[in-house]
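The values are calculated or read from the model by the stated rules, or taken from the named source; none is laboratory data. Everything numeric here is computed off the predicted structure, so don't read it as measured data. Cβ sites come from the backbone with ideal geometry, for glycine too, and all protein chains shown count toward neighbours. Ligands, DNA and RNA are excluded from the accessible area calculation, which covers all protein heavy atoms including side chains. Shrake-Rupley method; radii C 1.70, N 1.55, O 1.52, S 1.80 Å.
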Amino acid sequence: LDQKIDVLDHGFVRLVDHMGTDISVSRAARISYDAAWRPGDLDGSDSRLIRRLWNDHHTSPFESIVFTFEIFAPIFVFRQWHRHRTWSYNELSGRYRELPEVFYLPNARDVGVQSKDNKQGRTVGDVMALVARRAREIERIEAHNKAGFELYRDLLESEWPRELARSHLPLSTYSHMFGTVNLLNLFRFMMLRSHPHAQMEIRVYSDAMAELARTIAPVCVEVFEAKAKRQVVIDRMLNFLKIKHRSVEDLEALAMKEFT
Ligand SMILES: Cc1cc2nc3c(=O)[nH]c(=O)nc-3n(C[C@H](O)[C@H](O)[C@H](O)COP(=O)(O)OP(=O)(O)OC[C@H]3O[C@@H](n4cnc5c(N)ncnc54)[C@H](O)[C@@H]3O)c2cc1C
């Protein structure tokens, strides 16, 4: 516990609490055979069972592991995060306290340009002239944000209510929350947010949580990642061939039909 991974310029994810480990998934599944609660460690048959459960969509046993993460991230990252309704959240309130002047500034190399073939994405290349231009623009953003925070503090000084004075602060302002989620819903989050198409600024948090979850449930995370990687390869292939989205299972079923 208390493992922390730093991400972006000021952000972090910390695993602050958890319930269960790999063995919990196996125990939950074995009740199907009316098996008694089994103390002790994981063995090879448990690992095989976990793999089969995940590949066969027998997902409920994965809900027996629960994590609480402490997260420090820009508000625009939380806007995406909070769409995941299966988490329980508690976040810092700008009505209760003054927001500290901490905002996200991207690395000039990570900005790139608006993608031409992916409406929601960016194209990043290491073109020196572009990186230099982005660095100058980031300096302007920094000055703009600092002026925004100065105005915020002036308004508070002039007895503006905190709940209203904050309303012009940038979406890049960092916020702080605790999020609790079971492993199945963490996997659903990771499927979307660790995907190469996810925005880099949330992907780094998703990838960090995968590393933290791995320390508690290494077999489950390995089994999940193996299948997720296959899905990413298939998504790319279908995208290239301009074929509508199909899952790994659909394609495996199709292949079976073709070859048997
Ligand atoms: C690349 C990308 C682009 C996006 N772009 C946009 C956008 O432009 N605009 C926008 O508004 N959103 C956008 N989203 C958000 C997206 O539509 C989802 O709201 C978000 O990803 C949460 O996914 P979820 O509903 O699967 O997650 P969760 O809320 O965590 O739900 C997990 C799963 O539980 C089930 N579930 C939960 N609640 C319900 C329910 N009420 N009814 C039925 N099933 C439920 C579903 O199976 C769901 O997949 C985008 C997401 C991604 C990854």
For the range 146-217, the Debye formula with one identical point scatterer on each Cα and no solvent gives log10 I(q)/I(0) at q = 0.11, 0.17, 0.25 Å⁻¹ as -0.47, -0.74, -1.10
With a cap of 12 neighbouring Cβ atoms within 10 Å, and only residues DSSP puts in a loop, list the chymotrypsin sites (Phe, Trp or Tyr not before Pro) found in the range 1-93. 37
Nearest 10, in degrees from 0 to 90: the angle of helix 248-259 to the longest Cα principal axis of the chain is 40 degrees
Normalising by the residue count of the chain, find the relative contact order in percent from Cα pairs under 8 Å and 6+ residues apart. 26 percent
Please report, in whole Å, how far the alpha carbons of the range 7-49 spread along each principal axis, starting with the longest. 49, 19, 18
Put 5, 141, 216, 31 in order of accessible area, largest first, 1.4 Å probe: what do you get? 31, 141, 5, 216
The farthest towards the positive end of the charge dipole of the chain, of the residues 130, 114, 160, given +1 on Cβ of Lys and Arg and -1 on Cβ of Asp and Glu, is 114
Using only the alpha-carbon atoms, how far is helix 200-216 inclined from the longest principal axis of the chain? Give it as 0 to 90 degrees, nearest 10. 40 degrees
At a probe radius of 1.4 Å, what is the per-residue accessible area of residue 191, in Å² to the nearest 10? 90 Å²
Taking Cα atoms, the helix 218-241 axis meets the longest principal axis of the chain at an angle in degrees (rounded to 10) of 80 degrees
If you find the alpha carbon centre of the range 170-249 and of the range 20-57, how far apart are they in angstrom? 23 Å
Take every Cα pair under 8 Å in the range 136-258 that's 6+ residues apart, average their separations, divide by the length, and report that relative contact order as a whole percent. 12 percent
Over its alpha-carbon atoms, the range 189-250 yields an Rg and a Dmax in Å of 12.8, 39
So what is log10(I(q)/I(0)) for the range 93-249 at q = 0.10 1/Å, when the Debye sum runs over its Cα atoms only? -0.58
Karplus-derived HN-Hα couplings along the range 94-109 (A = 6.51, B = -1.76, C = 1.60, θ = phi - 60°), whole Hz, x at Gly and Pro: x, 7, 8, 8, 5, 7, x, 7, 10, 9, 7, 10, x, 6, 3, 6
Dividing the alpha-carbon radius of gyration of the range 1-140 by 2.2 N^0.38 Å (N being the number of residues), what value is obtained? 1.53
Dipole magnitude of the chain about its Cα centre (Cβ charges: Lys, Arg +1; Asp, Glu -1), debye to nearest 20: 940 debye
For a quick check: with amide H placed at 1.01 Å from N, whose amide H comes under 5 Å from residue 3's, ignoring anything fewer than 5 positions away on the same chain? 15
Excluding the sites themselves, what is the longest stretch of the chain that contains no trypsin sites (Lys or Arg not before Pro) in a DSSP loop with at most 16 other C-beta atoms within 10 Å? 120-241
